[in-house]
Amino acid sequence: MLRQRFSHVTTWVFDLDNTLYPPSANLFSQIEKRMTDWVMAALGVDHAEADRLRNHYWRTYGTTLAGLMIEHGVDPGPYLVEVHDISFAPLRPDPDLAARIGDLPGRRIVYTNATVPYAERVIEARGLSGLFDAIYGVEEARFHPKPAREAFETVFAADGLDPLAAAMFEDDPRNLAVPHAMGMRTVHVAPEAAPNDHIHYHTDNLPGFLSQVMNDPFPAIGTESRD
């Protein structure tokens, strides 16, 4: 039963972008544009090359920022301020999601590759303020990005959570590999499943999944277990 699979969980870890809001909000398209513009200006390349580098660094290092820091020694502070200066107008409050997160027992935290100020604005726009015990960004990970193990270890050590009593909710399947290896329950939140041994469950409806974790003795529709 789904509820039994999560009965040991005392810390619930949520990614932010495309996890606590639907991908249809398309916030990341704004961020990607600002990243490309920043790379063009900082590295003196044209738009096509900047876009290629942005994608290359994301695929190789986990984030564009990590690639810029490793290969070009970029100062992360100004970059992070610039690329997260976007409009949050596409986001709407989600009372159902707020209620379901509020029902979860134990600690509830957000861990994102973005910054804490950005995360706070997303959380506020979604009507989720006051529901989380802590918010961790790439700053708290010492600028090591998910999916790097060092990033998770740094943030989890700072929080003091026990991975064996925690669950991770993420839209990027790459970012669930280390949590799985650390002993966490892993949930892929995305429109389409990405079957993998390090993913326990998939859902395209986070409020519905959380509701069934807490209340429904039957497996949630749209999920798959890889226990």
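The values are calculated or read from the model by the stated rules, or taken from the named source; none is laboratory data. Note that the structure is a prediction, hence the values are computed from the model and not measured. All Cβ positions, even for glycine, are placed from backbone atoms using ideal geometry, and neighbour counts span all protein chains on display. Note: areas computed on protein heavy atoms with side chains; ligands, DNA, RNA excluded. Shrake-Rupley method; radii C 1.70, N 1.55, O 1.52, S 1.80 Å.
Listing for the model above:
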{"item": "Surface accessible to a 1.4 Å probe, per residue, for the residues of the chain, Å²", "result": "45 Å²"}
{"item": "5 angstrom amide H check on D172, placed H, neighbours 5+ away", "result": "none"}
{"item": "Two-decimal Rg/Rh across the chain, once Rg and the Kirkwood Rh are taken from alpha-carbon atoms", "result": "0.97"}
{"item": "Structure-based [θ]222 nm, the chain - -39500 (n - 2.57) summed over DSSP H runs of at least 4, per residue, nearest 500", "result": "-12500 deg cm²/dmol"}
{"item": "At least 20 Å along the helix axis (C-alpha) and Kyte average at least 0.0, DSSP helices within the chain", "result": "27-43"}
{"item": "Alpha-carbon radius of gyration plus Dmax, which is the widest Cα pair, for the stretch 1-127 in Å", "result": "17.3, 55"}
{"item": "Virtual spin-label span in nm between E139 and N26, 7 Å along Cα→Cβ", "result": "3.1 nm"}
{"item": "For V9, residues with placed amide H under 5 Å, excluding near neighbours", "result": "none"}
{"item": "Three-way shape call for the stretch 38-93 based on the alpha-carbon gyration tensor, with the a/c threshold at 1.5", "result": "prolate"}
{"item": "Computed E for L164/M1 - FRET, C-beta separation, R0 22 angstrom, nearest 0.05", "result": "0.65"}
